[in-house]
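For reference, the structure is listed below as structure tokens.
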Amino acid sequence: MEQTKHKGIYSTWQDKNNLLLTKSLTGKQSRFKEDTIDEDGTVYRVWDPTRSKLGAAIAKKLRYLPIRPGITVLYLGAANGYTPSFVSDILGEKGLLIALDHTAWVVRDLFLLTEKRSNMIALLEDARKPSQYAKKLPKVDCIYQDVAQRDQTEIFMKNADSLLKPRGYGILCIKARSIDVTKNPHEVYQTERSKLMKKFEIISMLNLNPYEKDHSFIICRKLK
Amino acid sequence: MKQAITLRKELMQETKERLKTSINEETMLIQMYQTVRELEHTINNLMIKLKNWFSCYLPEIYTTKTQQEALDIILSDSIEESKQKLNLKDSIGTINRTGYEQTIKFAKSIQTLIKTKELIEEQIEETTTKIAPSICNEISGKTLAQLLTKVGTIKRLANMPSSAIQLLGAEKALFRHLQNNRNNPPKYGLLAGEVQAKTPKERAKKTKQLSAKVTLAARKDYYGTNKT
Ligand SMILES: C[S@@+](CC[C@H](N)C(=O)[O-])C[C@H]1O[C@@H](n2cnc3c(N)ncnc32)[C@H](O)[C@@H]1O
């Protein structure tokens, strides 16, 4: 096991493949049929970049990842929790992951996952209406957005307004096809980028090919 | 840190309560509809296998026209009766081969699946008529359930413009049209299955009329006063 440049994320070589790993908070249990590797009593879970946009971004040599052990993260669009489970591993026992989705169907799976992870909270809420949950939550260090909606940038910014700490970080998966199928993806990314630039400093933009088609992975930081 | 623990406890309890009340009749309909579609597909495949296998004993089984007819013949009391039902004096097959008993067991299982599918279909009709009687005056409960798999709830259907309802189920064609203007825009979606028409033009017109009716009915069912 080798620590990568991102704290909490490890890698190892197996059959000529470079695997991404996190230290498992749940031992050998694997809810997503992911492989686990045991080394000297520490269990690692194998993170498949083809199933996770964050995994893909790391496999594509993302330069800086604001998700680090011990911080608080709000995750919008958590779905059944594949990516969130790895974020939870990275944050470790001292961190906190608030995972939110508006589909009862997937939140049931997410809830069962969350019960096993003491640093994770599952919420059934609509990310378009942060006013309904902002008061209940603490301010967070980082917001991760993957809701695949037409107004995803606006959704992110609304949440950042009420829940992100000053100088906190944002991570956005921009899916060009959910925003406008008729436009060239690059045009879409530029439009979303200029919306963000009013209140955020753009740290990096990464294209997720070949893992995900027409996705841009944006890292930004709140100006104040 | 202690604070985080209590916060988690409270919020998780709240989510649990919400999950309990979040399952509505529409969710059930969507599950039932998807199960019926899956069963239809599976039953078709299993019937092909069954006929292939049974044809070793009685090749004439291929002359049957419908699935139910084939099943009725296979599930006779004896192979003699099967032959009679097919009006055969003699068969070119070989009846005394191993596995005959097992094919019958297999056929019975398919029969059970068909029964289950029919029961679910009845339940779909019952539930849809209960939650949306006006819509069910215009289209079958099964089609309504199919619409619900696209939009989720009667409420959303009631808030949609008729033109959008008309195109539900034609999303692929619509996106193709929007991406490159060479393709014509689609004129109808899954509601077209509910109308009788000879030409595509007529179908488009009738589907348009039907979606207008469904739209009104949805608003009546959702916003109407005599709502149960
Ligand atoms: C592309 S999936 C996320 C996949 C997940 N991030 C992963 O990598 O495992 C998008 C999710 O966003 C959710 N979503 C869409 N709109 C939402 C909204 N307004 N509020 C909350 N969740 C939303 C959907 O229910 C869906 O589960």
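Just so you know, all these numbers are worked out from the coordinates, no wet-lab data involved. In this text the structure is predicted, and so the values were computed from the model without any measurement. Using ideal geometry, Cβ is built from the backbone for each residue, glycine included, and neighbour counts are taken over all protein chains shown.
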Going by alpha carbons, how many degrees (0 to 90, nearest 10) lie between the helix axis of A:82-91 and the longest principal axis of chain A? 80 degrees
Please report the net charge: other residues with Cβ closer than 13 Å to the Cβ of A:Lys175, K and R +1, D and E -1. -1
With Cβ to Cβ distances under 13 Å as the rule, what net charge do the other residues near B:Thr112 carry (K, R +1; D, E -1)? +3
At the level of C-alpha centres, the distance separating the stretch A:70-144 and the stretch A:173-224, in angstrom, is 22 Å
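Need one number: % antiparallel among DSSP beta bridges in the protein assembly as shown, to the nearest 5.
Numbers: 30 of 49 bridges.
Rounded to the nearest five, the antiparallel share is 60 percent.
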Whole-Hz Karplus couplings 3J(HN,Hα) for the stretch A:111-117, θ = phi - 60° and coefficients 6.51, -1.76, 1.60, Gly and Pro as x, run 4, 5, 5, 4, 4, 8, 10
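Please report A:Phe200, B:Phe106 as a ranked list, fewest other C-beta atoms within 10 angstrom at the top and most at the bottom. Don't skip to the end; give the middle numbers.
Values: A:Phe200 23, B:Phe106 17.
Lowest count first: B:Phe106, A:Phe200.
Just list whichever of A:Lys135/A:Lys165; A:Lys116/B:Lys16; A:Lys94/A:Lys139; A:Lys23/A:Lys116; A:Lys23/B:Lys9; A:Lys195/B:Lys172 have alpha carbons separated by over 19 Å in the model shown. Present the calculation step by step, with values, prior to reporting the outcome.
Values: A:Lys135/A:Lys165 14 Å; A:Lys116/B:Lys16 14 Å; A:Lys94/A:Lys139 16 Å; A:Lys23/A:Lys116 15 Å; A:Lys23/B:Lys9 24 Å; A:Lys195/B:Lys172 29 Å.
Cα-Cα > 19 Å for A:Lys23/B:Lys9; A:Lys195/B:Lys172; rest within.
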Label B:Ala164 and B:Asn137 with points 7 Å out from Cα along Cα→Cβ: what is the distance between them in nm? 2.5 nm
Taking the beta-carbon count within 10 Å as an exposure proxy, list A:His186, A:His102 from fewest neighbours to most. A:His186, A:His102
Would you please state which residues of the stretch B:26-59 a label at B:Asp90 would reach in this model, taking the label point 7 Å out along Cα→Cβ and a backbone N cut-off of under 19 Å? B:56-59
Please give, to one decimal in nm, the separation of the simple spin-label points placed at A:Arg150 and B:Lys155, each 7 Å out from Cα toward the Cβ. 2.0 nm
Once the Cα atoms of helix A:185-196 and of chain A are each reduced to a long axis, what angle between those two axes, in degrees from 0 to 90 to the nearest 10, is obtained? 80 degrees
What is the angle, in °, between the Cα long axis of helix A:152-163 and the longest principal axis of the Cα atoms in chain A? Nearest 10 is fine, range 0 to 90. 80 degrees
Filter A:Lys136/B:Lys155; A:Lys213/B:Lys49; A:Lys129/A:Lys224; B:Lys65/B:Lys208 down to the pairs with a C-alpha to C-alpha distance above 30 Å, please. A:Lys213/B:Lys49; B:Lys65/B:Lys208
Expected unfolding gain across A:Ser131-A:Lys224 under the 0.36 nm per residue rule, minus the alpha-carbon gap, is 31.4 nm
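Would you calculate a helix-derived [θ] at 222 nm for the protein assembly as shown, using -39,500 (n - 2.57) for each DSSP H run of n ≥ 4 and dividing by the full residue count, to the nearest 500? Intermediate values should be presented prior to the final figure.
Details: 17 runs with 215 residues, N = 452.
Only helices count here, giving -15000 deg cm²/dmol.
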Label-point separation (nm) for B:Glu60 and A:Lys165, each offset 7 Å from Cα along Cα-to-Cβ? 8.4 nm
